[in-house]
Amino acid sequence: MSVTFNQQNFTSLFPGAVSAKNGTAIEYTVEDSTYRIYNPSITSNSSSATTFDLQLDHVRGGATDDHVQLTVTFNGSAVVQSVAYTWTPGNDGYQIPKGVIEAVDITAEVLGAVGALETAGISEAAAQEIVETFDTCCKIFNELSTHIVKWTDNGGRFYFLPVVCHTFNRLCVSVSA
């Protein structure tokens, strides 16, 4: 026997889900958190086992998304043989990109150099102080935001485990022999 997968049934089991990522995933919202479930990749092997690999995301606007890789193997009778998953938490807060910091630094240094003749070099010294202060503030912000985001989850990360369990259940009812 071999198993079949009903993609349409699987997708329909997610309430209010919309197509995302050019049709390769669906997204749905629970309370104020958005979750993305990618279409499973399906691999059959010679021992009549079929493996479904699914990627799930907890979409965390402005921070790195949480990810789960779910792997479920069915035998030829559509009975679950194994379930495994890996969870990769997003861990950065809102960050000021290095390119923005460098652009501000260069602008301050150029403006300091342009005014150096008129200010007897005072503008260059002021520009260096501005660069040093700005860089320090950005470094502190980037470090603090990483820690603060860990303490301020809106419940979406907490609910991500049930999303994984629901996805597993929905996969099981969409697979048949």
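Laboratory data are not the source of any read-out in this text; all were calculated from the coordinates shown. Quick caveat, the model's predicted, so the values are computed rather than measured. Here the Cβ positions follow ideal geometry from the backbone for every residue, glycine too, while neighbour counts run over all protein chains shown.
Look at the alpha carbon pairs under 8 Å that are at least 6 residues apart: their mean separation over the length of the chain gives a relative contact order of 22 percent.
One equal scatterer on each Cα of the chain, no solvent, Debye formula: the resulting log10 I(q)/I(0) at q = 0.10, 0.13, 0.19 Å⁻¹ is -0.57, -0.75, -1.15. One chain, two ends: THR133 and ARG170. Fully extended at 0.36 nm per residue, the span grows by 8.0 nm beyond their Cα-Cα distance.
How many times 2.2 N^0.38 Å is the alpha carbon radius of gyration of segment 98-151?
Rg over 2.2 N^0.38 Å, computed on Cα atoms: 1.44.
Computed from the C-beta positions of SER44 and LEU161 and an R0 of 22 Å, the FRET efficiency is 0.15 to the nearest 0.05. Each peptide among 31-41, 9-19 gets the average number of other Cβ atoms lying within 10 Å of its residues, and from highest to lowest they stand as 31-41, 9-19.
Size descriptor for segment 1-105, Kirkwood hydrodynamic radius: 16.1 Å (Cα pairs only, one decimal).
Using just its DSSP H runs of length 4 or more, each adding -39500 (n - 2.57), the chain gives a mean residue ellipticity at 222 nm of -13500 deg cm²/dmol after division by all residues. Fewest neighbouring Cβ atoms within 10 Å first, the residues GLU132, GLU118 line up as GLU118, GLU132. Note on VAL59 and ASN9: the model spin-label points, each 7 Å out from Cα along the C-beta direction, lie 2.7 nm apart. For segment 98-151, averaging the sequence separation of C-alpha pairs within contact (under 8 Å, six or more residues apart) and dividing by the residue count gives a relative contact order of 33 percent. The label-point distance for PHE141 and ALA84, in a model that sets each label 7 Å from Cα toward Cβ, rounds to 4.3 nm.
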